[in-house]
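J.: A single structure is presented below for examination.
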Amino acid sequence: MKIAILSRNSRCYSTRRLIEACEADGHEVEIRDYLRCTMGIASGRPQVFHQGEPVVVDAIIPRIGASYTFYGAAVVRQFEMAGVHTANPSYAISRSRDKLRCHQLLSREGIDMPVTAFAHDIRDIDSMLKNVGGAPVIIKLLEGTQGRGVVLAETKKAAESVITAFRQLDANILVQEFVKESKGSDIRAFVVGRTVVGAMMRKAAPGEFRANLHQGGTAMPIQLTSEEKKMALKAARVMGLHVAGVDLIRSNRGPLVLEVNSSPGLAGVEVATGKDVAGKVVKFLERQKRTKPVRRRRKPH
């Protein structure tokens, strides 16, 4: 196959490992900066160009950054219209990046999560805090990634101050219950197709409540329970993602889903588990190409 990796950084670990995995299986691989892609939209002839040259490939692996979700998903959708296989469909990337929509969809499907509230008017702060059980609470920017834009408010007064400050900046936020028993740790389950191919537990750095590796957390391999595996697979399926990083925490009432990521990093899970996760992604694309002919998408986005 000829595979294009849609990435803005050819030197980052995840992109390099995907290149290696493609080449190891004998595929021709190219890196395309999706922000340098343009779309030719004409009746019956959808095309994608990179720096003016047409991109003709059999499959793509999107690595779309959160800051460029709208344009990146549009590029992925254009490839879909041209009949190109994709590791993750465009609608699923957009769906998972909208944290509010993601939580609403997971809730509808009965997937357990920390109790979450969303409101527009600061006059409803009391009601919002009451809905999640009161302080301490976690306050999350809808647009935040890798632990950025996430604040722990330990008192009601602190929560009110943070929420008011964010809303005065017209920033949309979620407020979630603080699950104390998780003790600053979470689990990243890496899903490819219908399988959890690797899992790690991340622990927050001393004095930090966020377990993200980008915030100084550490990772170790972990064996998931059958319930955690089923939950991770179901969460990815609800989002429509074939390749996903599903973040969970363990609570007194069982596992809870925190987030579902459409472009999960490979470094943490591969280093922690020693598994060739990049290779699993490429093998998935090979199976897709063999067994599922692509039709031009007509699904509403």
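J.: Of the conditions (1) at pLDDT 95 or above; (2) within 19 Å of Ile93 (Cβ to Cβ), Val197 satisfies every one except a single condition; which number is it?
T.: Just one mismatch for Val197, condition (2).
J.: Where residues in region 162-192 are in contact with a helix residue (DSSP H, G or I) (Cβ under 8 Å, 6 or more places away or on another chain) and under 30 Å from Thr225 (Cα atoms), which of them is modelled with the lowest pLDDT?
T.: Filtering first and then ranking leaves Leu174.
J.: If I filter region 9-50 down to residues being basic (Lys, Arg) and farther than 16 Å from Leu266 by Cβ, which single residue comes out as surrounded by the fewest Cβ atoms within 10 Å (Cβ to Cβ)?
T.: Arg45
J.: Counting just the residues of region 110-130 that are without any contact (Cβ under 8 Å) to a residue 40 or more places away in the chain and part of a helix (DSSP H, G or I), which one comes out farthest from Asp170 (Cα to Cα)?
T.: Residue satisfying both the conditions and the ranking: Lys130.
J.: Name the strands (runs of 3 or more DSSP E) wholly inside region 213-287 in which the number of residues that are modelled with pLDDT of 95 or more is 3 or more.
T.: Where strands (runs of 3 or more DSSP E) fall fully within region 213-287 and carry at least 3 residues being modelled with pLDDT of 95 or more, they are 243-251, 254-261.
The values are calculated or read from the model by the stated rules, or taken from the named source; none is laboratory data. The structure displayed is predicted, hence computed values, not measured ones. Here Cβ is always computed from backbone atoms with ideal geometry, including for glycine, and neighbour counts include all displayed protein chains.
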